[in-house]
Amino acid sequence: MSDLFIARGERLAARKVAGEMVILSADDSSLFVLNAVGASIWEAADGGTPLETIVDDIICRQYEIDRDTALRDTIEFVKALEAQGVMRTSNGAMVEGGDASSSGEEVR
Amino acid sequence: MGDLMQRVWDRALERRVPLAVQFDLTYRCNERCVHCYLDHDDHGEVTTAEVKDILDQLSAAGTLFLTLSGGELLLRKDFFELLTYARARRFDVKLKTNAILMGEREALRIRDLGVRQVQVSIYSHRAEVHDAITKVPGSLARSVAAIRFLAGHGLHVVIANVLMKPNASDYPGVRALAASLGVECSIDPTITPKMDGDTSIVSLRMDAPQLLQVFTDPSVAGEGFCATPAAIDTETLDSLPCSAGHTACYISPYGDIYPCVQFPLPSGNLRRQRFEEIWYDSPQLQEVRTIRMRDLPTCSSCSLVMNCTRCPGLAYMEGNMRGPSSADCDKSMLRASAAQEPGAAHHHAAVPSQGVPS
């Protein structure tokens, strides 16, 4: 899975509110709320950073979890979001439709 | 509203996040509706660069729900540039438009940009009534054609049917029109004074018999303003009147911030201050935030409080943001009367009403 890349879905609104990522689908108004870990993954999903790098640099560094578990759980999480149209995965780098800096800043 | 969305609103309220903002990009309009509260002259509306900067500030402040309105949005030559910018910042965008400039190409662009909802104003299913209200011959046909484009391309379209004396009996026809177009329809009897304080258009509000007719119509019972608010209890008396100034605000085309589009209390200007400075520190917004139902000198002890959907903005326009709003008093009395009628349906809606803004 070393060449897996992840990107945020395109027809979505998203904003980080009080540490959680609130995501809303333009197509069917489906609502998703990601916790702090999920929000970190969402923010890092720029389409150009390998998932393993995201796990190493963000998940393992910020949370006390072993790498294998973190990688397995992250892939499972990302696949679940992909099934809902919230995230995309690819074996190559992707170009995001939305602005990578647009996922919102921490709101006090 | 679902539990998850309620939790989002609750957390936004706890952290004072301006989760929902209506931003009118222009007051210019290609219709001249008889009930409109706006001055349509351009007194120096925000530039493209200013709008983008404001959107950046809103994004940083936590705004998710962005309603773009006017005036008529499509009169701004930079409309699609701004919409593209807003969607790139991942706002959940809702548009309010009369749509008479909307062709298939525009509808497709709006769909492709991921707009979640388009609200189109329709006053009557009869052209002679609708066009007399907009003062634009052919406007009903053009708006309906646009709705077909929008709905045909899969957009979520809501017909906004503002009710007033000239069209009070036409809402069943508008609802049937909406059904035939495969779109939603909402009715609203709110007519507000003009923003300069001129109250002449208030005379267009439906009269008591017309309102009572709506309240006793089983086909709209429980919908929108026809729904009986939830019973007031101790908790409700300690609650907030609405989201204005707490999790929502309004921005005019001149950069003025108000608690709500229906609450024209000047609270700051984005040409002189940053959004967060106004949102967190404006004395006017802080004043609005102190209002609790329990503190309202007249309304908290009114026998009709259980039937009331009091709007603090309308009360402000009548001179006291803590006072009653007479239009809501009238509606409350008539709603109570309607509930007494034999066979009246009782439907309750939660207050304050919040969710995915619809």
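Yes or no, residue by residue, for (1) within 19 Å of the chain's Cα centre (by Cα); (2) modelled with pLDDT under 80; (3) in a loop (DSSP other than H, G, I, E, B):
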site: B:Tyr316; (1), (2), (3): yes, no, no
site: B:Asn320; (1), (2), (3): no, no, yes
site: B:Pro324; (1), (2), (3): no, no, yes
site: B:Ser353; (1), (2), (3): yes, yes, yes
site: B:Val356; (1), (2), (3): yes, yes, yes
task: Among the residues of region B:8-24, write down those that are away from chain A (no Cβ under 14 Å) and out of contact with any strand residue (DSSP E or B) (no Cβ under 6 Å at 6 or more places or on another chain).
output: none
task: Return yes or no: is B:Val136 part of a loop (DSSP other than H, G, I, E, B) and at pLDDT 95 or above?
output: yes
query: Counting only residues that are surrounded by 18 or more Cβ atoms within 10 Å (Cβ to Cβ) and not in a loop (DSSP other than H, G, I, E, B), which one in region B:213-226 is modelled with the highest pLDDT?
result: B:Val214
task: Among the candidates B:Leu64, B:Leu58, B:Leu25, B:Leu38, single out the residue that is crowded, with 16+ Cβ neighbours inside 10 Å and more than 18 Å from B:Gly255 (Cα to Cα).
output: B:Leu64
message: Against the definition (under 20 Å from A:Ala26 (Cβ atoms), without any contact (Cβ under 8 Å) to a residue 40 or more places away in the chain and either buried (at least 16 other Cβ atoms within 10 Å of the Cβ) or under 19 Å from the mean Cα position of the chain (by Cα) (or both)), how does B:Ala160 come out, yes or no?
response: no
Top-ranked residue of region B:182-198 - restricted to ones that are under 10 Å from B:Gly224 (Cβ atoms) and either surrounded by fewer than 16 Cβ atoms within 10 Å (Cβ to Cβ) or among the polar types (S, T, N, Q) (or both), ranked as farthest from the chain's Cα centre (by Cα): B:Ser186
- request: Just name the residue that is farthest from the other protein chains (Cβ to nearest Cβ) out of those in region B:73-101 that are closer than 22 Å to B:Leu19 by Cβ and of a type in the set (A, V, I, L, M, F, W, C).
  value: B:Leu73
message: For region A:1-92, give me every one of the strands (runs of 3 or more DSSP E) that falls completely inside it and has 3 or more residues that are surrounded by fewer than 22 Cβ atoms within 10 Å (Cβ to Cβ) and away from chain B (no Cβ under 11 Å).
response: A:46-50, A:87-90
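The values are calculated or read from the model by the stated rules, or taken from the named source; none is laboratory data. Everything numeric in this text was worked out from a predicted model, so none of it was measured. All Cβ positions, glycine included, derive from the backbone under ideal geometry; neighbour counts span all protein chains shown.
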